[in-house]
Amino acid sequence: MKKFHSLTPLVVALVLAGCSANPRTQPQTPGTGDDAIFNLISEEYLRGYLAWRPLEAVQLGFHEYDGKLKDYSRASVAAELARLKDFDRRLDGLRTAELSPRTFYDFRILRAGIRRELFTLEDMQAYTRNPMTYTGALDVSPYIKRDFAPLEERVRSIIFILNQAPNVVAAAHANLEDALPKPWVETAIDVGDGSADFLENDLMEAVKDLKNPPLREAFRAADERAVAQMRALVKFLKEEKLPRATSQFALGRERFAKSLREGELIPQTPERILEIGQAELHREQQLFAETAAKIDPNRKPIDVFEDIQRDHPTAENLIPDTRKNLEAIRRFVQEHHLITIPSEARPQVEETLKFERASSFASMDSPGAFETQATEAYYYVTPVEANWTPKQREDWLRAFNYYTTDVVSVHEVYPGHFIQFESMKHSSATRVEKILGSYAFVEGWAHYSEQMVIDSGYGADGPGAAKYRLAQLDEALLRLCRLCVAIQMHCQGMTVDEAAKFFQDNCYYGEKPSRSEAMRGTFDPGYCNYTLGKLMILKLRQDYQAQEGTSYSLEKFNDEILGHGMPPVPLLREILLKDRRLWDQAL
C-alpha cells in the first residue's frame, strides 16, 4: 500500500470494476471550483496509477486488469516517471487555500503518494539498480490464492502474464546498471531461484484441477518457458552482475530524510529520529530485563525468554491452537472495548501456501478494498515441514511459543491488519484514501496494537502475564533495531556485518536471522516505519486523551483513527486534535 495538462472529461464516470455502493468509494464527483479540479486530477491519476500497476489493481479488486503485467521497458518506466512529475506539477498549480478541508486532506494523501512513487523511481532507482524488480516480476500468486473468478479464467490470465517473461528478462538486461549493490544482487538471486521453483512446482500443483486439456497444455508450455527465462535471469545475475557488485547501497542522509519528509510527512532529521529510537531501545531493553526478573531474577533475561519459548504447541496442533487462541483474542478485544469490530467476518486460519513458506512466518491476506467476489480473508501460519530434522522442527515451534504466537495474531488479525482493513472497507473513506497508503500507518497500527492489547491486560489474569509482556517486548526490540539500523546504514555508513551484529546485541537474535534483517535494511530502509508509526500513534493518543478529558475512551480513539483510510500519521493529528499548535508534534 502506498502511493501517489489538460483535465480529461469525467467520461469514465468512472466505473472501475469492483467499486462498492458507498458514494465515498465511487469516483469523486466533480464538485465546484478548486475541489472539482482536484477531483478530476485525482481520478485521472488513479486510472493511470492502476493501469501501470495491474498486479496491485487486481489485489485491490479491480479485475478489469486481470491477466496484465507491468511494462518494464525503459520507455515505459520513463513515461511513468514523466507522468508522475506532470501530476506533481499539476497539484502544485492548485490553490490549496481554496480547497475544502475534506479535499485538502485527500490532496495531501495524493501528493505524498506521488512523492513516494517518484522516490522509488528516482532515488531508490528501483528499475536501474534493484534486480529484485525483475526477479519478482512474474508474481501470479493472487490468481491462485483467491478464487475471484473460475479457475479457467484465472489460468488464462496466468498464461498471458507468463508469456511476458522474455520481455521482463530483456528489460532487466537493458535497464540495470553495470555495478549494482551486492546485497541487492544476492537477494535478487534468492528471489529468482524461489520464483522459478514456485513456477515449476507449486504453480503446477495449484492448477492441478484444471480439466480443459488444450488450456492445460497452453499453460504447461507458458510455464516451462517462464521457468527457463527466470533461470536465465538468475544465471545472468550470478555471472555478470555479482562479480561486479559493490557495497554501495546507502541512500545517503539527504535522500533518507526526503523519504520520511515527503512520503510520511515526518519533518524530524534522521539524527533526531535515531536519538529517539536509541532512547526507546534502551528503555525497552530495561523493561525486558525487569520483566524477565519477575519470572526468574537469577538468570539472564534472554535465558528466561528462551525458557518460555519451550512452551509451544505440537506440530499437529499449531494451526488448531492458533485458531482457538485467535477467537479468545477477539473476545478480549470486544469485552474490553478496545475497538469496534466492524463485522462478523473472521479470517480463516490456514497453513501458509507452499510457495510462500520460505519467506513467511505468519501473514494476513485480506481481500482488497474493492473486492466483491473473493471476500474471504486468510490468516496464514507456516507449519513444520515433514522433511525437517528434529532440531529444525523444535526451533520453528519455539518461535511459535504460545505467547509470541498470540502477539503475532494481535498484529496480523485482532485488532491489527485484519481489523484495520475491515474498518477501512466499511468506512466512508474516499477512493484516494483506500488506494494510497502510508507504510508508517499500516505497519505502525499493527505494531501499536501489540502493545495496546498487552497494556489492556491480555494474559494478565494468570501466571503468564510477564511472559506475554516479554513476548511483546521482544517484538518491539526487533522493530527498534530496524529503525536504528536503517538510519545508521543509509546515513552513517554502517555495514551489513555491523548491522547484523547490532541485531544480535540489541534484540538478541541469532546470527542467521540477524543477517537476514540486516540484508533487508539495505533495500527496505522504510522498515524503520514499524516503530515510527507506533510511536506517532502513541503520541497522538496521549494528546487526544489530554484533549478529551473525561469523554476519552480507548475505543473512541482507535475507532477514529481507522476511519480515514491509510494516511501519513501526521494528517490524523489535524483531524483528531483541535489545538493547531499540536499538529506538527507527531514525534
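The values are calculated or read from the model by the stated rules, or taken from the named source; none is laboratory data. For clarity, every value in this text was computed on a predicted model and none was experimentally measured. With ideal geometry, Cβ positions are generated from the backbone for all residues, glycine too; neighbour counts draw on all protein chains shown.
Could you please find all residues in segment 304-341 being more than 20 Å from R393 (Cα to Cα), in a loop (DSSP other than H, G, I, E, B) and either at pLDDT below 95 or hydrophobic (A, V, I, L, M, F, W, C) (or both)?
Residues satisfying the conditions are L338, I339, I341.
Hey, among the residues in segment 183-198 that are farther than 30 Å from H490 by Cα and touching a Phe, Trp or Tyr at 6+ places or on another chain (Cβ under 9 Å), which one's surrounded by the fewest Cβ atoms within 10 Å (Cβ to Cβ)?
By that ranking, first place goes to D197.
How many residues, within segment 338-373, are of a type in the set (G, A, S) and farther than 14 Å from E422 by Cα?
So the count comes out to 5.
What pairs come up if the first residue lies in segment 38-50 and is under 20 Å from K68 (Cβ atoms), the second is of a type in the set (S, T, Y), and their beta carbons are under 6 Å apart, counting only those six or more places apart or on different chains?
E44/T8
Just checking, does segment 200-216 include any residue being surrounded by 15 or more Cβ atoms within 10 Å (Cβ to Cβ), among the acidic types (D, E), farther than 30 Å from M536 by Cβ and in contact with a Lys or Arg (Cβ under 8 Å, 6 or more places away or on another chain)?
Looking through segment 200-216, at least one residue is surrounded by 15 or more Cβ atoms within 10 Å (Cβ to Cβ), among the acidic types (D, E), farther than 30 Å from M536 by Cβ and in contact with a Lys or Arg (Cβ under 8 Å, 6 or more places away or on another chain).
Does L318 satisfy being of a type outside the set (G, A, S), closer than 27 Å to R469 by Cα and under 28 Å from the mean Cα position of the chain (by Cα)?
Values: of a type outside the set (G, A, S): yes; closer than 27 Å to R469 by Cα: yes; under 28 Å from the mean Cα position of the chain (by Cα): yes.
Here the answer is yes, as L318 does meet what is asked.
Please specify each residue of segment 437-483 satisfying the condition of being of a type in the set (S, T, N, Q) and part of a helix (DSSP H, G or I).
Within segment 437-483, S449, Q451, Q472 qualify.
Name every residue in segment 37-65 that is under 16 Å from E80 (Cα atoms) and aromatic (F, W, Y), in order of residue number.
Y45, Y49, W52
From the list R357, R398, exactly one residue is basic (K, R) and within 20 Å of the chain's Cα centre (by Cα). Which is it? Before you say what the answer is, go through the steps one by one.
Working: R398 fails: within 20 Å of the chain's Cα centre (by Cα).
Answer to the selection: R357.
Taking the condition of a type in the set (A, V, I, L, M) and either at pLDDT below 95 or over 23 Å from I266 (Cα atoms) (or both), does V442 pass?
So V442 does not fit the description; no.
Only one of F361, F400 is farther than 30 Å from R115 by Cα and surrounded by 19 or more Cβ atoms within 10 Å (Cβ to Cβ). Can you tell me which? Give the steps one after another, and end with the answer.
Values: F361 fails: surrounded by 19 or more Cβ atoms within 10 Å (Cβ to Cβ).
Going through F361, F400 in turn, just one is farther than 30 Å from R115 by Cα and surrounded by 19 or more Cβ atoms within 10 Å (Cβ to Cβ): F400.
Look at segment 552-586 and say how many of its residues are touching a Leu at 6+ places or on another chain (Cβ under 6 Å) and part of a loop (DSSP other than H, G, I, E, B).
1
Can you work out which of the residues in segment 484-531 that are assigned to a loop (DSSP other than H, G, I, E, B) and among the hydrophobic types (A, V, I, L, M, F, W, C) is nearest to L287 (Cα to Cα)?
Our first condition is that a residue be assigned to a loop (DSSP other than H, G, I, E, B); within segment 484-531, this holds for 492-495, 507-510, 524.
With among the hydrophobic types (A, V, I, L, M, F, W, C) added as a condition, the list becomes 494, 507.
Details: M494: 27, C507: 13 Å.
Here the residue is C507.
So which of A476, A486 ends up being at pLDDT 95 or above, under 30 Å from E327 (Cα atoms) and out of contact with any strand residue (DSSP E or B) (no Cβ under 8 Å at 6 or more places or on another chain)?
A476
Could you pull out the residue among A79, A57, A75 that is at pLDDT 95 or above, in a helix (DSSP H, G or I) and farther than 28 Å from E264 by Cβ?
A75
Condition test on G549, is it at positive phi and either assigned to a helix (DSSP H, G or I) or in contact with a Leu (Cβ under 6 Å, 6 or more places away or on another chain) (or both)?
Answer is yes for this residue.
Run T495 past the list (1) surrounded by fewer than 23 Cβ atoms within 10 Å (Cβ to Cβ); (2) over 25 Å from T322 (Cβ atoms); (3) in contact with a helix residue (DSSP H, G or I) (Cβ under 7 Å, 6 or more places away or on another chain); (4) not small (G, A, S) and report the number of the one that doesn't hold.
It fails just one condition, (3).
Identify, by number, the condition in (1) at pLDDT 95 or above; (2) among the acidic types (D, E); (3) in a loop (DSSP other than H, G, I, E, B) that E376 doesn't meet.
With respect to (1) at pLDDT 95 or above; (2) among the acidic types (D, E); (3) in a loop (DSSP other than H, G, I, E, B), E376 is out only on (1).
Please indicate, with yes or no, whether at least one residue in segment 107-126 is modelled with pLDDT under 95, closer than 22 Å to E43 by Cβ and more than 21 Å from the chain's Cα centre (by Cα).
For segment 107-126, residues modelled with pLDDT under 95, closer than 22 Å to E43 by Cβ and more than 21 Å from the chain's Cα centre (by Cα): absent.
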